[in-house]
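The next block holds one structure in the form of structure tokens; read it before the comments.
The values are calculated or read from the model by the stated rules, or taken from the named source; none is laboratory data. Here the structure is a predicted model, which means the values were calculated and not measured. Backbone-built Cβ (ideal geometry, glycine too); neighbour counts: all protein chains shown. Remember, those area values only see protein heavy atoms, side chains included, never the ligands or the DNA or RNA. Shrake-Rupley method; radii C 1.70, N 1.55, O 1.52, S 1.80 Å.
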Amino acid sequence: MENTEPTDKSLSQAQPARRPRWAQLLSDFFSPLLIPTYATALAMWVTPLRSVPESNRLIVTILVGVITGLIPLLAIAVLIRTGKVSDRALSRRDQRAMPMVIGVACYFGAALFVGSLGAPLWLRMFFWGAGVATIIAMLITFKWKISAHTTAIGGLVGMMMWFATSGLADVNVMIMLSVGIVLAGAMASARLALNRHTLAQTLAGLALGFACCFTAMSI
């Protein structure tokens, strides 16, 4: 049977000709580097953590953004400058291992950081779950280009589902879950529109991120 999965080379060749603006904007706005910050903000503003002074919640959210977003972004910039990575989107599967290792370290660092502030176990476990999902995705990536974007958004939806099943959310859980599901579908569509992944790779990423974060938070 003919292999229909796009190769890294074919994907990179197709990108200049097929780059819908909406798909690129969505991929950038919901980058795996930003999802942990959104998840932290969600935890700070839709759960009993709302009782913490707003200035403290803002500071924690910003610092999580630095740990899980800015530090990996700077690391990727260094890898690009040294020629170890060809582009910010990490289009080549064989160049993803090092950035993913850095991402795992930052997720675990964020877990330790919020833990040092006395954060509830479920928030710490979200970051541990995200780190485990990234480790599994990295191992899969050696053979198959699973989507990191949908893995990240899947983790966010996993957090939303845990909020809904635990009764912890202070908002309408059906609206929250509906928004999460729509975002997940839009992200999968964006990755397909950009010709970055196959349908199977996007769905596998969603399932991996969701399962790891929801399970970790349920422990």
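For segment 68-94, taking the residues that are among the polar types (S, T, N, Q) and crowded, with 18+ Cβ neighbours inside 10 Å, the one that is nearest to Pro36 (Cα to Cα) is identified as Thr68. Residue pairs whose Cβ atoms lie under 6 Å apart, separated by 6 or more positions or on different chains, with the first residue in segment 176-202 and closer than 16 Å to Pro32 by Cα and polar (S, T, N, Q) and the second in a helix (DSSP H, G or I) and open to solvent by less than 30 Å² (accessible area, probe 1.4 Å), are Thr202/Thr150; Thr202/Ala188; Thr202/Arg191. Residue count for segment 87-122 under the criterion of being without any contact (Cβ under 8 Å) to a residue 60 or more places away in the chain and farther than 26 Å from Gly158 by Cα: the result is 3.
Out of Thr202, Thr150, one residue alone is within 23 Å of Tyr107 (Cβ to Cβ), touching a Gly at 6+ places or on another chain (Cβ under 6 Å), of a type in the set (Val, Ile, Thr) and open to solvent by less than 40 Å² (accessible area, probe 1.4 Å). It is Thr150.
Among residues of segment 1-29 being under 20 Å from Thr134 (Cβ atoms) and touching a helix residue (DSSP H, G or I) at 6+ places or on another chain (Cβ under 6 Å), the one that is modelled with the highest pLDDT is Ser27. Check segment 122-135 and report whether any residue there is in contact with an Asp or Glu (Cβ under 9 Å, 6 or more places away or on another chain) and of a type outside the set (S, T, N, Q). No, there is no match, as no residue in segment 122-135 is in contact with an Asp or Glu (Cβ under 9 Å, 6 or more places away or on another chain) and of a type outside the set (S, T, N, Q). Can you find, within segment 142-177, the residue that is farthest from Phe126 (Cα to Cα) among those that are polar (S, T, N, Q) and in a loop (DSSP other than H, G, I, E, B)? This residue is Asn172. Taking Ile76 as the residue in question, decide whether it is hydrophobic (A, V, I, L, M, F, W, C) and modelled with pLDDT under 95. When the stated conditions are applied, Ile76 passes them.
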